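Reviewing the structure listed below.
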Amino acid sequence: MSRACSLFQLCQNPNGLLLRSSKFSKGPYLIPSARIYPVLCFSKEIQTSAYEVVKGSYVPTALVKPESKPKDKSPENLEGVGAFQKLPMVMPSVDILYSALEKAKRISPTKGIANIAKRERNRGAKQLDALMKELAVPLRTYSENFPNKKYLHPYERSLIELTLGDGNYEEVLGKVDSLRKKVVSVGKEHASLCAKSLSKKEAEERLTEGIKKVEETFNRGGKHVDDLLHIAKTLRAMPVVDLESPTLCLVGAPNVGKSSLVRILSTGKPEVCNYPFTTRGILMGHIISNHQTFQVTDTPGLLKRCDEDRNNLEKLTLAVLSHLPTAILYVHDLSGQCGTSPSDQFVIYKEIKERFSEHLWLDVVSKCDLLQKSPVLFATDKGDDSDLELERYRKLGPDGTLHVSVTNEVGLTELKSRVHEMLNSQMTRIQVQEKLEVLT
């Protein structure tokens, strides 16, 4: 009560003198030297707890932030190329099983168990559990670390479909994960049975039987692991394309001399033989000029037929042109040596030129040392001379075509110069596109 009174008196005191009460004197007295000053108060943010009533009691409830839903990868947020080089190393199924068996055998029972039967069933259950985990963990790693095909760059997605077959990639991954589930199920079942053994002999028998069952289960599906190993090797061997570096793509009918020009222009060393479809995949080389590095791709040849009838090699070529920012070096062979008539090459050329007209383009007639004065005609060619464009093509190729010969080294210097000029233009295109993407 005295404190309340003092506060009241303090508020009523106009001079700011402090009133205090003493136990030696009755009533309050003044302290002349004391003066009241305003006091600054500092306070921190107060943390509060939320509570909910559970059965009549207050139970603190954690303040949980709303979980942000994972964003689905839209086409604009797809992964760039290079996913194949990040694939996990897959061990052969035989090595996985051998390693798991060896590690499981080294597992000892828990220390301090005096009873022989209990100690043996403890050892058996632990060894079966270890065997199951040593087999399941690598399989889970493969299932989780191989990329989902739908999130890959369209170019790499096409490589998977055309190289491995449509659906084969997902099928093998699914079977590997199914094998993991079977191994876990069988391993847990027999570990549980072993833990319930009533004698040492029964525990040893159940351990032996469990190991046998787990091993049989894994061996039945081991082929799928080896299939995945083959897939990983195949995909990891695919050439990596840098999307920020200009790429020159050589296109044309089979055996027109694309591979020979790649060897002249770049560091790539493709196989050069005189039969169609020498190029059985995408081969990558590089051109180094004036301290700049450009990419060169040699692609399988195209035949005169509709897309539905094309083989996977031809579809690989179309995938490169469709999904990569390439400049096209189209190669023609009018000598009749490649096996595809100039008339058919003309049809293929017109189709590809129309489909990929937005690409930078350079036409080259190869093997010009073999050209004859009169155009080459195949037995399948029609004798219609009314198509002047086709007649001109048979003699000289498209307008503005550069004639070259690797054998006689004709036109190669000019070819290198024009290729370098075109790739510089492609670099400018890429840089402009990157700036537009940043702005948007």
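Which of the residues belonging to the range 213-268 are part of a helix (DSSP H, G or I) and in contact with a His (Cβ under 9 Å, 6 or more places away or on another chain)? Scanning the range 213-268 gives Lys213, Val214.
Do any residues in the range 236-248 that are more than 12 Å from Ala83 (Cα to Cα) and in contact (Cβ under 8 Å) with a residue 40 or more places away in the chain have Cβ atoms under 7 Å from those of residues that are open to solvent by 30 Å² or more (accessible area, probe 1.4 Å) and aliphatic (A, V, I, L, M), where the two are at least six apart or on different chains, and which pairs are they? Note: pairs meeting the criteria are Leu243/Val81; Pro246/Met427.
When the residues of the range 290-315 are filtered to those that are touching a Gly at 6+ places or on another chain (Cβ under 9 Å) and assigned to a strand (DSSP E or B), which remaining residue is surrounded by the most Cβ atoms within 10 Å (Cβ to Cβ)?
Filtering the range 290-315 for residues touching a Gly at 6+ places or on another chain (Cβ under 9 Å) gives 295-302, 312-314.
Next, from what is left, pick out any that are assigned to a strand (DSSP E or B): 295-298.
Numbers: Gln295: 22, Val296: 24, Thr297: 26, Asp298: 29.
My answer is Asp298.
Say whether the condition of being under 22 Å from Ile96 (Cβ atoms) and acidic (Asp, Glu) is met by at least one residue in the range 222-232. Looking through the range 222-232, at least one residue is under 22 Å from Ile96 (Cβ atoms) and acidic (Asp, Glu).
Within the range 107-140, take every residue that is among the β-branched types (Val, Ile, Thr) and open to solvent by 50 Å² or more (accessible area, probe 1.4 Å) and give me the one that is nearest to Leu97 (Cα to Cα).
Keep residues of the range 107-140 that are among the β-branched types (Val, Ile, Thr), which gives 107, 110, 113, 116, 137.
Still in the list and also open to solvent by 50 Å² or more (accessible area, probe 1.4 Å): 107, 110, 116, 137.
On the way: Ile107: 16, Thr110: 25, Ile116: 29, Val137: 12 Å.
Ranking the qualifying residues of the range 107-140, first place goes to Val137.
Only residues that are among the small types (Gly, Ala, Ser) and either assigned to a helix (DSSP H, G or I) or crowded, with 18+ Cβ neighbours inside 10 Å (or both): list them for the range 164-197, please. Across the range 164-197, the qualifying residues are Gly174, Ser178, Ser185, Gly187, Ala191, Ser192, Ala195, Ser197.
Inside the range 316-352, can you point out the residues that are in a helix (DSSP H, G or I) and of a type in the set (S, T, N, Q)? Please lay out each step first, then the result.
Looking only at the range 316-352, we keep the residues that are in a helix (DSSP H, G or I), and these are 316-323, 342-352.
Selection gives Thr317, Ser322, Ser343, Gln345.
Which residue out of Leu193, Leu235, Leu228 is among the aliphatic types (A, V, I, L, M) and either outside the structural domain of Ala125 (by the TED database) or over 30 Å from Gln127 (Cα atoms) (or both)? Selected residue: Leu235, the only one of Leu193, Leu235, Leu228 that is among the aliphatic types (A, V, I, L, M) and either outside the structural domain of Ala125 (by the TED database) or over 30 Å from Gln127 (Cα atoms) (or both).
Take the residues of the range 406-435 that are closer than 13 Å to Ser366 by Cα and assigned to a helix (DSSP H, G or I): which is most open to solvent (accessible area, probe 1.4 Å)? Break it down stepwise before answering.
Residues of the range 406-435 closer than 13 Å to Ser366 by Cα: 406-412, 415.
Filter once more, keeping what is assigned to a helix (DSSP H, G or I): 412, 415.
On the way: Leu412: 21, Leu415: 1 Å².
Here the residue is Leu412.
Could you identify the single residue in Pro398, Pro375 that is surrounded by 14 or more Cβ atoms within 10 Å (Cβ to Cβ) and at pLDDT below 85? Testing whether each residue is surrounded by 14 or more Cβ atoms within 10 Å (Cβ to Cβ) and at pLDDT below 85 leaves just Pro375. Of everything listed in (1) within 23 Å of Val404 (Cβ to Cβ); (2) hydrophobic (A, V, I, L, M, F, W, C); (3) in a helix (DSSP H, G or I), the single unmet condition for Ile287 is (3).
Is it the case that some residue within the range 85-97 is at pLDDT below 95, over 27 Å from Glu204 (Cα atoms) and charged (D, E, K, R)? Scanning the range 85-97 turns up at least one residue that is at pLDDT below 95, over 27 Å from Glu204 (Cα atoms) and charged (D, E, K, R).
The values are calculated or read from the model by the stated rules, or taken from the named source; none is laboratory data. No experiment lies behind these values; they were computed from the predicted model shown. Cβ sites come from the backbone with ideal geometry, for glycine too, and all protein chains shown count toward neighbours. Areas reflect the complete protein model, heavy atoms only, side chains present, ligands, DNA and RNA absent. Shrake-Rupley method; radii C 1.70, N 1.55, O 1.52, S 1.80 Å.
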